[in-house]
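Asks: Pasting a structure here, questions to come.
The values are calculated or read from the model by the stated rules, or taken from the named source; none is laboratory data. This structure is a prediction, so every number in the text was calculated from the model and none was measured. Glycine gets a Cβ as well: all are built from the backbone with ideal geometry, and neighbour counts include every protein chain shown. Surface accessibility is based on the protein's heavy atoms, side chains included, excluding ligands, DNA and RNA. Shrake-Rupley method; radii C 1.70, N 1.55, O 1.52, S 1.80 Å.
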Amino acid sequence: MDFNVKKLASDAGVFFTRAVQFTEEKLGQAEKTELDAHFENLLSRADSTKNWTEKIMRQTEVLLQPNPSARVEEFLYEKLDRKVPSRVTNAELLGQYMTEAANEFGPGSPYGQTLIKVGETQKKLGAAERDFMHSSAINFLTPLRNFLEGDWRTISKERRILQNRRLDLDACKARLKKAKAAEAKATAEHELRVAQTEFDRQAEVTRLLLEGISSTHVNHLRCLHEFAEAQATYYAQCYQYMVDLQKQLGSSRSEGFPATLVVNADSTPPPLSTSPPPATLPVLQAVSPNPGDGTLNAIDVKPPSSGTRKARVLYDYEAADSTELTLAADELITVYSLPGMDPDWLVGERGNKKGKVPVTYLELLS
């Protein structure tokens, strides 16, 4: 019991001495042992690493999971050391709704078929997003978090100890200056030597930890490469899924809508979804590779001397086969109609390239 009381009294005395020394330093009434320039640079570099790592980690978390409530839930699961439940992505949920709607409207109808195709693509996009989130959380976020919760905590602890050792050292220096009697000076000199030894030892420990920040940067650099690679893979998958979907939708459009599809006569259809008036685009004689089979080969047809029009492309379009023309948004092409063509398609020319193009992708100019 007496030992505990003495220890508490000793700790209180040390704390009071450090507090007095710190206060006098702030007031300019006491000298302060300064660290060398290299050590100060290491401290500054470590603080900068910690601050930017926190910012990058938090913003990456926002990127991977924009929903703040979901982020809090995942954080609590991690703190409780429990497995985070699998969460359906927004794209997957949208795909599910589209599929359910198609089943109710009729999966065989044009709208139902398109809902199914788009819905399946949304599910693929959602699955790719989940894989990207999982990969980034393991290969990028976890190393950043491990640094902040592991190495940085150790560095912070040793820095606090170093600060206390410095305050003890400077307090001993102050006592030595104030000592008058020979016995008091001898005692102060002994305390100063002990304090200097402890300070030097702690400074070396802290310096080694601070120099380890370079290894942290190397590790984070590797993680950053993995994050960028995962992101590139994710966006490449999304692009391919959408290209495939566009081809499917373009193929469906080229087949035309069935005769059972009824359009409200009172509604005014968009000008781009209607066939050009005969007066401006005269009917031409189609060329068939096999006479009598009714097959239209737009590639073999020469443009008419009159009746062609200029059109601006509204959206990018990837040709589904060799009879179609790939389009880029905002480019200008020449278009004209042929007899027997689906009203939703025109023949488009750009330089020496020719092929069918969907009317809904065009803005007719003249």
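Asks: With a 1.4 Å probe and all protein chains kept in place, how do Leu144, Leu332 rank by accessible area, largest first? Display every interim value, and only then the final one.
Replies: On the way: Leu144 10, Leu332 105 Å².
Of Leu144, Leu332, the descending order of accessible area is Leu332, Leu144.
Asks: While we're looking at this one, here's another question. Per-residue accessible area for His225 at 1.4 Å probe radius, Å² rounded to 10?
Replies: 120 Å²
Asks: For Leu63 and Ser215, what does the FRET efficiency come to when R0 = 22 Å and r is the distance between their Cβ atoms, rounded to the nearest 0.05?
Replies: Numbers: r = 26 Å, r/R0 = 1.20.
Step by step, r from the Cβ atoms, then E = 0.25.
Asks: Tell me, what HN-Hα J-couplings in whole Hz come from the Karplus equation 6.51 cos²θ - 1.76 cosθ + 1.60 at θ = phi - 60° for each residue of segment 117-124, using x for Gly and Pro?
Replies: With coefficients 6.51, -1.76 and 1.60, one gets 5, 5, x, 5, 5, 4, 5, 5 Hz.
Asks: Now a separate question. Between Leu362 and residues 5 or more places away or on another chain, which pairs have amide H atoms under 5 Å apart, with H built 1.01 Å from N, and which residues are they?
Replies: It is Leu314, by chain and number.
Asks: Excluding ligands, DNA and RNA, what is the solvent-accessible area per residue of segment 112-156 at a probe of 1.4 Å, expressed in Å²?
Replies: Working: 2030 Å² over 45 residues.
Heavy-atom accessible area per residue stands at 45 Å².
Asks: Given labels modelled 7 Å from the Cα in the Cβ direction, how far is it in nm from Asn146 to Glu363?
Replies: Using points 7 Å along Cα→Cβ, the separation is 5.4 nm.
Asks: Tally up the carbon and sulfur contribution to the accessible surface of segment 116-238 as a whole percent, 1.4 Å probe, everything protein left in place.
Replies: On segment 116-238, the fraction of accessible area on carbon and sulfur atoms equals 56 percent.
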